[in-house]
Amino acid sequence: MLDTPLDRRTTTTANRSVERLWYTRCPVPTAMGIAIEQGLFDQEFARDGIAVTSLRASASRDVRESHFDHRQPDSFRQGGSTPPIWSYAIHRDTRLIGLTWVDEYQAIIARLESGITEPRHLRNRRIGIARRVNDKIDFFAAMSLRGAHAALRLGGVDPGDVEFVDLPVQETYMGDSEESNSGQLWSGGHRARRQQVEPFALVRGTVDAIYVSGAAGLWMREFLGARDVVELGSHPDPEIRGSNQQPATLTVSAQLMADRPDLVERYVAQIAKAALWSQSNRAYAVQSFANEVGTSYEWADAAYGPRSHMLLVPSVQEPLVRGLVSHKNFLLEHGFIQQDFDVEQWICRDPLERGGWK
């Protein structure tokens, strides 16, 4: 059953005073990360006496959990789409104000000696899927499962002819990192453990193949001496490439959008400013991506491709919206969300249109 507009009412308080804006971002290529590095938000809002603060600057786990459930008032989030889709599906009142699509390395990998060299060889094999049993929304399990289904589709293999092996993980994605205003919620150690259980299972032979992505996935493939069964990130079909980060979302608290659209527009303008600057400063942008994901320039450059720095300006153009709808439908079909909704009702185009960024 789809939500109707009456399901989400936001009371407008005109010209409400705002003393602090919160932000958070995923470890993926974003212009928000570059804007933070360059101090653009601090410069923009200092004259208003408005602090711009990372969720990680708070010691409260409830505040930090807003990265996933968007409960923190007056907050922005940019990154993977699974948590925002999930939070909107449980009636967290947010607005989707931009999308970006930066392709990245995504693959199903297997050991060299496995004999699995192409997707059709996955029939009657075991694919490992890490399951974070203590997280509200297991975005990486959704990402891995979608990648596996894409590979099976390319190989003409029915998902029922594959054994999906759940690999339970007790540690939450939030972790217990020290306080920081960098915007990044994860310490280096926590990021290093992001995909720990799957390669161990692959090496031990308890699974035959796993999903990997991004710079970390590319490094992992080489470290394990594994091979790509299929590389998904460069496939011409966006349905195959689509995932948690393709497209990535930029969301904002609905109350802030209603009360202070001027602040939202100015915030988006700084993101667009950083994105446009990056188009002429590729080396800086790629190094920023490397910093985001905790890797070297070499791995980030290889994982995100030669045009990644050109793709950071948010938009709500139709191909990106279609990609988001596709991912939402996958999450619904596989039980990661329980409630369907109309993505068009989630979108607010005003900040991009008023800023001339559409």
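Counting only residues that are out of contact with any helix residue (DSSP H, G or I) (no Cβ under 8 Å at 6 or more places or on another chain) and without any contact (Cβ under 8 Å) to a residue 24 or more places away in the chain, which one in segment 338-357 is farthest from S326 (Cα to Cα)? Only one residue tops the list, namely G356. Across segment 238-261, not a single residue is classified as modelled with pLDDT under 95, among the small types (G, A, S) and either touching a helix residue (DSSP H, G or I) at 6+ places or on another chain (Cβ under 8 Å) or within 22 Å of P83 (Cα to Cα) (or both).
Listed by position, the helices (runs of 4 or more DSSP H) contained in segment 19-122 that have at least 2 residues being over 16 Å from the mean Cα position of the chain (by Cα) are 31-37, 40-45, 61-64.
Residue under question is Q38, and the condition is that it be open to solvent by less than 60 Å² (accessible area, probe 1.4 Å), touching a Ser or Thr at 6+ places or on another chain (Cβ under 7 Å) and at pLDDT 90 or above; does it hold? Don't jump to the end; show me each part of the working.
On the way: open to solvent by less than 60 Å² (accessible area, probe 1.4 Å): yes; touching a Ser or Thr at 6+ places or on another chain (Cβ under 7 Å): no; at pLDDT 90 or above: yes.
Answer is no for this residue.
Looking only at residues in segment 44-91 that are modelled with pLDDT of 90 or more and among the acidic types (D, E), the one that is farthest from L331 (Cα to Cα) is D48. Note on segment 311-321: among residues that are closer than 23 Å to I240 by Cβ and touching a helix residue (DSSP H, G or I) at 6+ places or on another chain (Cβ under 8 Å), the one that is surrounded by the fewest Cβ atoms within 10 Å (Cβ to Cβ) is P319.
The values are calculated or read from the model by the stated rules, or taken from the named source; none is laboratory data. Worth saying up front: this structure is predicted, and the values here are computed from it rather than measured. Heads up, the Cβs are rebuilt from the backbone with ideal geometry, glycines too, and the neighbour counts pull from every protein chain shown. Please note that ligands, DNA and RNA were not included when accessible areas were found on the heavy atoms of the full protein model with its side chains. Shrake-Rupley method; radii C 1.70, N 1.55, O 1.52, S 1.80 Å.
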